[in-house]
Amino acid sequence: LASYGVFVQQAAGDFANARRYGQLAACIVARIPHCAEIACWVYHVRCLFIDCWSEPTPVIATNWKQAYTWAMESGQLEGAVLMWQIWNITSYFGGYPVDQVLEASSSCIEQIRVLKLNCYMTGMRDVHSSLKCMSGKKAIPWEEFQNFPLPEMRIEAMDEGDRAQFLSYGSWCRLHLAIFFFRYEIAEEMCITFVKCADKDPGYLIQASRYLYEGLMAAGRYRQTGKRKYFKLLCKARSTFKKMCEYRGLRNLHRALLLRAERMACAKKCSTQETKQAYDDAILVASNSGHIHEAGLGCELAGAYLISKGESQHVREYFNKAYDYYTLWCADAKLKHLQETRGRYISQDKIRDFSRPATNSILQNVSRFPKSAHVKYDLISAATPTVLNETNSNKPSRSPKPAEKRDEVDDVSVLTET
């Protein structure tokens, strides 16, 4: 039923019935005793292809955690590693604190090495390297990015599965860094490889990041070159995201709003106040839904836009907010980059007294990732706006229970054309 839901979603575009089939599959396995072997794959399919478009991040996190637990309980070690790997990447894309995801990725690599599942090692190393770059523990090798894949990587010698994973994860990780550090020429090169991979992968992570990064790259390149082809690509990406929100679910609403603001910033007919309000909408929704990294990116883009228009009234406010969001994201490399490029707009007291508090409205009550891999591995992050009730988390049940559904944002009116 879950797989049929994916088929209905991909072939007919019927996302409502796809969710219904996924929920029905979860209800069926919940009635079958000792069905961990089946239940883990039902939840895997739901998380990766169906629920990820509409459910809030805490719900998806809980379902991934439960799928991993069932896979370990039923002895499906390769499946458990696969689920853990996908969640590591999804949590990185979803704005979970970088230091926590980095620690989790280290544990995942350790488990891959112990189990000798080398087919997953290549992609996980790329994710781990990107996390180290974002956390400031490793310098970003921009020169290597421009020539990806390097000849010495010998991708021709890889089997088809390893080569596909290497190109997909490798281009995604490099594209992610290029977008956040505004290296749009490199982002354009990475987009060429990544889009080819995305054409063959219907998963949420690939499809959502494809249109977001493609749109942001196009906006940046349009500002640099003034070529209309980039503006058209931005409009196409924005239109696609709008349709995703209308038909698939609202989990990407803030990304659609961010591309809307970028399109308005590039279009000369929109007023400064209207464009500023569009950025504010995107930042607010991103922040409220727990995507603090993209809220910070929106603040940076809004501040840069106001500078380009000669407006100075709210510039400091945007860059100081960006600094706060990146602090919560634990992205030290991004904080350093922001200080170097926009330091004069950021409060010097904020930089001098920099600290990452142990408790605050977002970071309190956080379960740290363990250093070693085991069944009770906690996937709940500090970046989620609410803390889920995990009464039975220490004793996972073999009988699946559907996760509680929570609404994120229920208003798409802000997507209306300006």
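If I filter the stretch 22-64 down to residues being crowded, with 24+ Cβ neighbours inside 10 Å and free of Cβ contacts under 8 Å to residues at least 60 places away in the same chain, which single residue comes out as nearest to Gly75 (Cα to Cα)?
The selected residue is Cys40.
Of the conditions (1) surrounded by fewer than 22 Cβ atoms within 10 Å (Cβ to Cβ); (2) part of a helix (DSSP H, G or I), Gly75 fails just one. Which one is it?
(2)
Could you tell me whether any residue of the stretch 298-316 is surrounded by 20 or more Cβ atoms within 10 Å (Cβ to Cβ), over 21 Å from Ala256 (Cα atoms) and not acidic (Asp, Glu)? Step through it out loud before you land on a result.
Initially, the stretch 298-316 is screened for residues surrounded by 20 or more Cβ atoms within 10 Å (Cβ to Cβ), giving 298-303, 305-306.
Still in the running and over 21 Å from Ala256 (Cα atoms): none.
No, the stretch 298-316 contains no residue that is surrounded by 20 or more Cβ atoms within 10 Å (Cβ to Cβ), over 21 Å from Ala256 (Cα atoms) and not acidic (Asp, Glu).
Do any residues in the stretch 123-141 that are closer than 18 Å to Ile206 by Cα have Cβ atoms under 7 Å from those of residues that are in a helix (DSSP H, G or I) and open to solvent by 40 Å² or more (accessible area, probe 1.4 Å), where the two are at least six apart or on different chains, and which pairs are they?
His128/Ser106
For the stretch 187-196, check the following and say yes or no: at least one residue is open to solvent by 50 Å² or more (accessible area, probe 1.4 Å) and out of contact with any helix residue (DSSP H, G or I) (no Cβ under 9 Å at 6 or more places or on another chain).
Taking every residue of the stretch 187-196 in turn, none turns out to be open to solvent by 50 Å² or more (accessible area, probe 1.4 Å) and out of contact with any helix residue (DSSP H, G or I) (no Cβ under 9 Å at 6 or more places or on another chain).
Quick check on my filter: what residues within the stretch 1-21 are open to solvent by less than 60 Å² (accessible area, probe 1.4 Å) and either closer than 22 Å to Trp84 by Cα or among the aromatic types (Phe, Trp, Tyr) (or both)?
Listed by number, the residues that qualify are Ala2, Val6, Phe15, Tyr21.
Working only within the stretch 214-233, note down all residues that are open to solvent by 30 Å² or more (accessible area, probe 1.4 Å), more than 17 Å from Tyr305 (Cβ to Cβ), assigned to a helix (DSSP H, G or I) and of a type outside the set (A, V, I, L, M, F, W, C).
Thr225, Arg228, Lys229, Lys232
Filter the stretch 197-213 down to the residues that are aromatic (Phe, Trp, Tyr) and open to solvent by less than 20 Å² (accessible area, probe 1.4 Å), then identify the one that is modelled with the lowest pLDDT.
Just the residues of the stretch 197-213 that are aromatic (Phe, Trp, Tyr), to begin with: 204, 211, 213.
Narrowing further to those that are open to solvent by less than 20 Å² (accessible area, probe 1.4 Å): 204, 213.
Values: Tyr204: 83, Tyr213: 95.
In this case the residue turns out to be Tyr204.
Inside the stretch 254-307, can you point out the residues that are of a type in the set (Ser, Thr, Tyr), in contact with a Leu (Cβ under 9 Å, 6 or more places away or on another chain) and under 30 Å from Ile60 (Cβ atoms)?
Within the stretch 254-307, Tyr279, Ser289 qualify.
Does Glu262 meet the test of being acidic (Asp, Glu) and open to solvent by 40 Å² or more (accessible area, probe 1.4 Å)? Don't jump to the end; show me each part of the working.
Details: acidic (Asp, Glu): yes; open to solvent by 40 Å² or more (accessible area, probe 1.4 Å): no.
No.
Filter the stretch 109-155 down to residues that are open to solvent by less than 20 Å² (accessible area, probe 1.4 Å) and at pLDDT 90 or above and give me whichever is farthest from Glu189 (Cα to Cα).
If we take residues in the stretch 109-155 being open to solvent by less than 20 Å² (accessible area, probe 1.4 Å) and at pLDDT 90 or above, then Ile109 is farthest from Glu189 (Cα to Cα).
Quick one: would you say Ala295 is of a type outside the set (Ser, Thr, Tyr), under 19 Å from Arg183 (Cβ atoms) and open to solvent by less than 10 Å² (accessible area, probe 1.4 Å)?
For Ala295, the condition - of a type outside the set (Ser, Thr, Tyr), under 19 Å from Arg183 (Cβ atoms) and open to solvent by less than 10 Å² (accessible area, probe 1.4 Å) - is not met.
Condition test on Ser168, is it more than 22 Å from His254 (Cβ to Cβ), assigned to a helix (DSSP H, G or I) and open to solvent by less than 40 Å² (accessible area, probe 1.4 Å)? Quick ask: steps written out before the conclusion?
Details: more than 22 Å from His254 (Cβ to Cβ): yes; assigned to a helix (DSSP H, G or I): yes; open to solvent by less than 40 Å² (accessible area, probe 1.4 Å): yes.
Here the answer is yes, as Ser168 does meet what is asked.
Gly95 passes all but one of (1) open to solvent by 10 Å² or more (accessible area, probe 1.4 Å); (2) not in a helix (DSSP H, G or I); which number fails?
Gly95 satisfies all of (1) open to solvent by 10 Å² or more (accessible area, probe 1.4 Å); (2) not in a helix (DSSP H, G or I) except (1).
Output yes when any residue across the stretch 268-278 is over 23 Å from the mean Cα position of the chain (by Cα), open to solvent by 40 Å² or more (accessible area, probe 1.4 Å) and within 14 Å of Ala219 (Cα to Cα), and no when none is.
yes
The values are calculated or read from the model by the stated rules, or taken from the named source; none is laboratory data. No experiment lies behind these values; they were computed from the predicted model shown. With ideal geometry, Cβ positions are generated from the backbone for all residues, glycine too; neighbour counts draw on all protein chains shown. The protein model used for the area step is the full one, side chains on, heavy atoms only, and it has no ligands, DNA or RNA in it. Shrake-Rupley method; radii C 1.70, N 1.55, O 1.52, S 1.80 Å.
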